[in-house]
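Take a look at the structure below.
Just so you know, all these numbers are worked out from the coordinates, no wet-lab data involved. The structure displayed is predicted, hence computed values, not measured ones. Ideal geometry is used to build each Cβ from the backbone, glycine not excepted, and the neighbour counts take in all protein chains shown.
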């Protein structure tokens, strides 16, 4: 059994069918001599723009055929644009655009009969609207995973205005899946315009900053049952980050630091920083040289396989690659390919029958 925890899909049909006052602001997928791109608010998305295959990115029937060919039983769908809706200042436009997107994603999940799980977007710059849309997606569509950027249009993810949102996400048991985006204001983004650095450096940098914010702000103490997933940045940065946080904590505790730090500028976490790392799920790449070490350090129950399909850096032939992984135990392999996803997303409960049964039925 294989669960793909990082794939991408865009509900083009929903975009094209959008009506109402803000229809002119909808995402537009356009093709010219250089191939297909997405236009949004007058710009191409993303800033690392490439031509993408429209059918593979926007058609549910084609996606089902693709995942069957790749040996994937179930796939989590992120948008191709996790951060662009955070740029919209007008509350009415923000609400209309995310509702249109989320309705399209819900339709894709429904049409797939459980083979695809869709994330839904939120306008985190408008926390009250984010809470309303969170409730709507859960209560109307039965969706259970929201995608958020690790920053809110450049602002920190632990901003006090968002704490009511986190309270509601915890109450509803929604998975908050962090996915960085080249159109969000990544840490150091002003220097990342070359060599695909938005992904290479921006994603892990932004995740490290988000993790630090959630730990040191005390947010994770206040909401200890949040379900948090980080996608498409690998996991090799985790031991490094943990070591740096330990060093920073010791600095704050040092007797030489007396009165050197503003009281409200000091960390508010109640536990040792290392304890919080067990709260995070991660989508891992299949080519990470430190994967075995990271799994040995943090255990097997927080990692899932992610392919990034159908983006240019997607891991093709993922099922065959998984079969060749000999650096981790059989128990760990079963956990990261299927069992952890079942636990995180309640797959058996959610779909009424196992995805394995659905796959057999499809054959």
Item to check | Compactness of region 11-140 - radius of gyration and Dmax, Cα, Å | outcome: 15.0, 43
Next on the checklist: Just want the ordering: 15, 9, from fewest to most Cβ atoms lying within 10 Å of their own Cβ.
Outcome noted: 15, 9
Item to check | More than 11 Å apart - percent of Cα-Cα pairs taken over region 47-90 | outcome: 75 percent
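Find the eigenvalues of the gyration tensor of the Cα atoms of the chain, then list the square roots of 5 times those eigenvalues as equivalent ellipsoid semi-axes, largest first, in whole angstrom. Don't jump to the answer; show the numbers that get you there.
Numbers: eigenvalues 193, 134, 80 Å².
The answer is 31, 26, 20 Å, longest axis first.
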Checklist entry - Out of 250, 55, 133, any idea which swings most in a Gaussian network model of the chain, alpha carbons joined below 10 Å? => result 250
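Arrange 223, 280 by Cβ neighbour counts within 10 Å, fewest through most, would you? Mind showing how you got there, number by number?
Working: 223 17, 280 21.
Lowest count first: 223, 280.
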Checklist entry - Say we join alpha carbon atoms closer than 10 Å with springs in a Gaussian network model of the chain; which of 233, 296, 341 then has the biggest fluctuation? => result 296
Checklist entry - If we count other beta carbons within 10 Å of each Cβ, what is the order of 132, 190, fewest first? => result 190, 132
Item to check | Choice from 328, 157, 129 with maximal GNM fluctuation in the chain (Cα, 10 Å cutoff) | outcome: 328
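Could you give the length gained by full extension between residue 107 and residue 328, i.e. 0.36 nm per residue of separation minus their alpha carbon distance, to one decimal place?
Using 0.36 nm per residue and subtracting the Cα-Cα distance, I get 75.8 nm.
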Item to check | Structure-based [θ]222 nm, the chain - -39500 (n - 2.57) summed over DSSP H runs of at least 4, per residue, nearest 500 | outcome: -11500 deg cm²/dmol
Checklist entry - Which distance in nm do the two modelled labels at residue 19 and residue 31 give, with both placed 7 Å along the Cα-to-Cβ direction? => result 2.8 nm
Next on the checklist: Give me the extension gain from residue 252 to residue 195: residue separation times 0.36 nm, minus the current Cα-Cα distance, reported in nm with one decimal.
Outcome noted: 16.8 nm
Checklist entry - Taking the Cα atoms of region 164-307, what is the range of coordinates along each of the three principal axes, in descending order and whole Å? => result 47, 38, 33
